[in-house]
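J.: Following this message is one structure expressed as structure tokens.
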Amino acid sequence: MFQVDLSGKKGLVMGVANQRSLAWAIAKPLAQAGARLAFSYQGERLKPTLEKLTEELDRPVLLEADVTNDAALDQLFGQVADELGGLDYLVHSIAYAPAATFERPFLHTTRDDWKTAMDVSAYSLVAVAQRAAPLMTPGGSMVTLTYLAAERVVPHYNMMGVAKAALEATVRYLAYDLGPQGVRVNAISAGAVRTIAARSISGFADMYSHAGEQSMLRRNITAEEVGAMGFALLTEQLGGGVTGETLYVDAGFHAIGMFLPREEA
């Protein structure tokens, strides 16, 4: 197996809510390979869970930050610079849309709900990249999380799908701007995974079952598979030539154009 030693590397992971979070799935192999990690969280209620998850890591740094507040982001990255001295990796796993946007038709999206979803789910990557890039040297890398609803209609996903589309376009433009600096930016479009965020989607259980039955591999993906792809994209040894991309980890579900009754092989 190809071994990657990340001793001396430093990363910031944003968006770990619990052990099922995809951000945590990416953080684990980074830490196991020797990277030292900082984690940002929003609200004191999340801190105890994060403390428990990271207690066995090498000197983890836990920092509170509100991605909708520029002053809070300035403080966060000032603390990251003080604690880590620089940054090699950034994991952005942050998204939010008001609950009502998942419950009512997209046609009835309000202006305020649009602004909220776009701010937290898409613009936050821009705001974070503005502050992370100066801390990175050539070989630095950023990864964010997206979903198939960015390009296809997924019932009930609604405003979040539009925000994810904006996020994927953001990845491409950031990759263009940061390429001359030697910093890469990519997105992982993950298939259905049982996370806290998934619980907010009406009918998720049916969607999860359907994806597993109809995917090319005839199964659902695991968080560990997303973590492995995140690790590969972040590390220069494995993903050094990849930037501006949205890579699918969904067992091939995104590439199917028509769903028919399965035939036995």
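The values are calculated or read from the model by the stated rules, or taken from the named source; none is laboratory data. Please read these numbers as outputs of a predicted model, since none were measured by experiment. Reconstructed Cβ throughout: ideal geometry from the backbone, glycine too, with neighbour counts over all protein chains shown. Just so you know, the surface numbers come from the protein's heavy atoms only, side chains and all, with ligands and any DNA or RNA stripped out. Shrake-Rupley method; radii C 1.70, N 1.55, O 1.52, S 1.80 Å.
J.: Which one is surrounded by the most Cβ atoms within 10 Å (Cβ to Cβ), of the residues in the range 81-106 that are out of contact with any Gly (no Cβ under 9 Å at 6 or more places or on another chain) and assigned to a helix (DSSP H, G or I)?
T.: Within the range 81-106, the match that is surrounded by the most Cβ atoms within 10 Å (Cβ to Cβ) is T101.
J.: For the condition modelled with pLDDT under 95 and either closer than 23 Å to V193 by Cβ or open to solvent by 30 Å² or more (accessible area, probe 1.4 Å) (or both), what is the one hit in L37, L46, L62?
T.: Testing whether each residue is modelled with pLDDT under 95 and either closer than 23 Å to V193 by Cβ or open to solvent by 30 Å² or more (accessible area, probe 1.4 Å) (or both) leaves just L46.
J.: Looking only at the range 48-65, decide whether some residue is of a type in the set (V, I, T), under 24 Å from A81 (Cβ atoms) and touching a residue at least 60 places away in the same chain (Cβ under 8 Å).
T.: No - not one qualifying residue is present in the range 48-65.
J.: Which condition from (1) hydroxyl-bearing (S, T, Y); (2) open to solvent by 20 Å² or more (accessible area, probe 1.4 Å); (3) modelled with pLDDT under 95 is the one that S215 breaks?
T.: (2)
J.: Inside the range 55-73, can you point out the residues that are outside any strand (DSSP E or B), closer than 24 Å to Y96 by Cα and under 21 Å from the mean Cα position of the chain (by Cα)?
T.: A65, D66, V67, T68, N69, D70, A72, L73
J.: Can you pull out every residue in the range 108-124 that is surrounded by fewer than 18 Cβ atoms within 10 Å (Cβ to Cβ) and closer than 13 Å to G161 by Cα?
T.: Answer for the range 108-124, where residues must be surrounded by fewer than 18 Cβ atoms within 10 Å (Cβ to Cβ) and closer than 13 Å to G161 by Cα: W114, M118.
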